[in-house]
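Worksheet: the structure to be examined is printed underneath.
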Amino acid sequence: MSNKLRVLLTGGCGYIGSHTAVELMRAGHEVVIADSLVNSCASVLPRIEELGGEKPVFYNIDVCDPVKLDELFSNERIDAVIHFAGLKCVPESVSMPLLYYRNNLDSTMNLLERMRDHGVKYVVFSSSATVYGEQDVMPLKEDMPTGACTNPYGMTKHMSEVIIRDAAKADPTLGAVLLRYFNPIGADESGRIGEDPLGIPNNLLPYVAQFATGRREKLFVNGNDYPTRDGTCVRDFIHVTDLALAHVKALDYIVGKAGCEVFNIGTGNGYSVLEVIAAFSRACGKVLKFEFAPRRAGDIPTCYADPSKAERLLGWKAERGLEKMCEDTWRWQSNNPMGYEK
Ligand code: NAD
Ligand code: WQD
């Protein structure tokens, strides 16, 4: 492990941020969280403390607010930042593009400016496989073209990557890591923290998990005529704890270095929607009955990573398979059927 770091997590109350906070603490680092709670709730904080062993310092602020963020950097010693804060719902980004561009780009630029003002040199950014758009060739590699995104959310990730890369080019002392996440699912194996979307989940796993508890009435599989082994879409699902550990490795890698490096964070394996539902049925001990529905607009048939660059340079590799992802999701969902208390 590198030296003990004091790490600011923007969006640290969210799904991936909360798991990363716990893994950073388990690795001996200190955590400061800045979150507006626009898509999370403060009741995750005592659970982070329970699992990580320390109470994270918490600022309930909008990362787009230059004055509030400046105050945070003035009050706290910060060695590095992980920038999770952002809105992430693809269909919402189509209906409210300005909200997405404003929030996701202002937060990134404000953060980089305040880091510059306060001499903070290291940043890890939550990017997404969505920046690759639709590609003919799989697996996806970091040097493939990006930016032909099919929705405003994806464009905000691509544009943030460009902004961070240019900032690192202009400042020879800035060190940045762009992590392109594939499809994060699962939960800490304690079942104490997990994914808790507001309203009806858009994504497969939280929907399946809520269906398994009886909170959702029907389960639809969108499309069964894709050119895949069983006709349903194939994705590179990755356990959120493996993803969280990738952030710990990314900090180890970048602290003390300059420049901007990008990594795919996936397992390299694709699982179909039907394979996921079958694995979840085994995990929860009941057969989950689904119905086929038309394709969902904008879905690509297959998407999976080549994660070899992360293994080579970060020394990181996903360790947890689909069964474990479903078991841990089920432990979280069955112990917390309504998620966190709001
Ligand atoms: P999440 O919504 O659970 O967490 C994001 C957190 O950011 C929330 O707690 C929210 O309240 C906070 N936030 C949003 N805008 C803010 C602002 N302006 N100021 C302060 N806080 C703000 O989402 P997540 O799944 O944990 O995703 C974390 C990051 O990873 C996001 O940037 C997301 O786009 C990216 N990502 C997620 C996935 C995924 O499938 N979950 C995949 C690829 C990339
Ligand atoms: C997976 C498959 C659905 C729900 C999204 C974002 C992407 C990234 C990760 C942030 C698809 C099908 C779903 C359901 C279903 N996020 N499905 N029934 O679309 O690969 O990625 O989350 O960066 O940008 O687009 O993931 O979980 O939404 O869907 O059949 O009730 O499951 O149609 O084929 P996706 P997903």
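Being out of contact with any Cys (no Cβ under 7 Å at 6 or more places or on another chain), surrounded by 17 or more Cβ atoms within 10 Å (Cβ to Cβ) and under 26 Å from Cys13 (Cβ atoms) holds for only one residue in Glu341, Glu327, Glu319, and it is Glu327. Checked against (1) within 30 Å of Leu45 (Cβ to Cβ); (2) crowded, with 19+ Cβ neighbours inside 10 Å, Gly191 passes all but condition (2). Selection within segment 31-52: residues that are without any contact (Cβ under 8 Å) to a residue 60 or more places away in the chain and in contact with a Pro (Cβ under 8 Å, 6 or more places away or on another chain). The member of this set that is surrounded by the fewest Cβ atoms within 10 Å (Cβ to Cβ) is Glu49.
In the list Met115, Met109, which residue meets the criterion of being away from ligand 2 (no atom under 16 Å from the Cβ), in a helix (DSSP H, G or I) and out of contact with any helix residue (DSSP H, G or I) (no Cβ under 7 Å at 6 or more places or on another chain)?
On the way: Met109 fails: out of contact with any helix residue (DSSP H, G or I) (no Cβ under 7 Å at 6 or more places or on another chain).
Among Met115, Met109, only Met115 is away from ligand 2 (no atom under 16 Å from the Cβ), in a helix (DSSP H, G or I) and out of contact with any helix residue (DSSP H, G or I) (no Cβ under 7 Å at 6 or more places or on another chain).
The set of residues in segment 23-52 being closer than 20 Å to Lys249 by Cα and out of contact with any strand residue (DSSP E or B) (no Cβ under 9 Å at 6 or more places or on another chain) consists of Glu23, Arg26, Ala27, Gly28, Leu51. In the set (1) near ligand 1 (Cβ under 10 Å from one of its atoms); (2) among the aliphatic types (A, V, I, L, M); (3) closer than 18 Å to Asp306 by Cβ, Ile185 fails one condition alone, (3). Being assigned to a helix (DSSP H, G or I), surrounded by fewer than 19 Cβ atoms within 10 Å (Cβ to Cβ) and either at pLDDT 95 or above or within 13 Å of ligand 2 (Cβ to nearest atom) (or both) is a property that Ile163 has. Here is a check on your reading of the model: is Leu198 at pLDDT below 95, among the hydrophobic types (A, V, I, L, M, F, W, C) and within 16 Å of ligand 1 (Cβ to nearest atom)? It is true that Leu198 is at pLDDT below 95, among the hydrophobic types (A, V, I, L, M, F, W, C) and within 16 Å of ligand 1 (Cβ to nearest atom). All of Tyr101, Tyr207 fail the test of being part of a helix (DSSP H, G or I), within 16 Å of ligand 1 (Cβ to nearest atom) and more than 30 Å from Lys68 (Cα to Cα), apart from Tyr207.
Here the condition is being within 11 Å of ligand 2 (Cβ to nearest atom), more than 20 Å from Ser308 (Cβ to Cβ) and at pLDDT below 95; of Thr130, Thr150, Thr156, it holds for Thr150 alone.
The values are calculated or read from the model by the stated rules, or taken from the named source; none is laboratory data. What you are looking at is a predicted structure, and each value in this text was computed from that prediction instead of being measured. Every residue, glycine as well, gets a Cβ built from its backbone with ideal geometry; the counts of neighbours run over all protein chains shown.
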